[in-house]
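What follows draws every value from the coordinates through simple rules; no lab data is involved. If you're wondering where the values come from, they're calculated on a predicted model, not measured in any experiment. Backbone-built Cβ (ideal geometry, glycine too); neighbour counts: all protein chains shown.
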């Protein structure tokens, strides 16, 4: 991930040591919660926990190995400022091109659709679990 980010920790991270890289408050709001009401965004920031710095510096293993025959559900977030749209759509397109069964929908949301659109996100999860429900999200068309 660090290589994909130009070799530098993004400014929204508060790099304390080699073990944790918690989001800095204002950075987290800008990247993860920018489309929430201010009070909701601030509450969400207070719930964040540190994450391993290694997630940004370790090689990423093949994450789709062993997924043949297993349906993959992907909720792409059109306004995500943490994972660019190009990366999300590239992942979906790449999985489909590799022959994986991918059901992808698009939320008009930032990185946290479960906070911005909780009802629709719940329906998406229920649909992925096998229920025949409509989510309210648009189908990903590439």
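Just so you know, the Rg over Rh for the range 26-80 is 1.09, from Cα atoms, with Rh as the Kirkwood radius. Computed extension gain for residue 98 through residue 42, at 0.36 nm per residue and net of the alpha carbon distance, reaches 16.1 nm.
Please compute the length gained on full extension between residue 114 and residue 68, using 0.36 nm multiplied by the number of residues separating them and subtracting their Cα-Cα distance. Let's see the in-between values first.
Numbers: separation 46, 0.36 × 46 = 16.56 nm, distance 2.76 nm.
Answer, rounded to one decimal: 13.8 nm.
The angle separating the long axis of helix 38-47 from the principal Cα axis of greatest extent in the chain is about 80 degrees. Diffusion coefficient (Stokes-Einstein, Kirkwood radius over C-alpha pairs, 25 °C, 0.890 mPa s) for the range 72-139: 201 µm²/s, rounded to a whole number. What is the list of residues in the range 74-89 whose amide nitrogen lies under 14 Å from a point 7 angstrom out from the Cα of residue 8, following Cα to Cβ? Answer for this model: none. Potential lengthening of the chain between residue 20 and residue 49 amounts to 9.5 nm, from the contour at 0.36 nm per residue minus the alpha-carbon distance. Compute the helix-to-body angle for 85-97: its Cα long axis versus the longest principal axis of the chain, expressed 0 to 90° and rounded to tens. Computed tilt is about 40 degrees. Working from Cα pairs under 8 Å separated by at least six residues, relative contact order for the range 27-142 is 27 percent.
Expressed per residue, the C-alpha convex hull volume of the chain stands at 127 Å³. The distance from the alpha carbon centre of the range 1-50 to that of the range 114-142 is 26 Å, rounded to a whole number.
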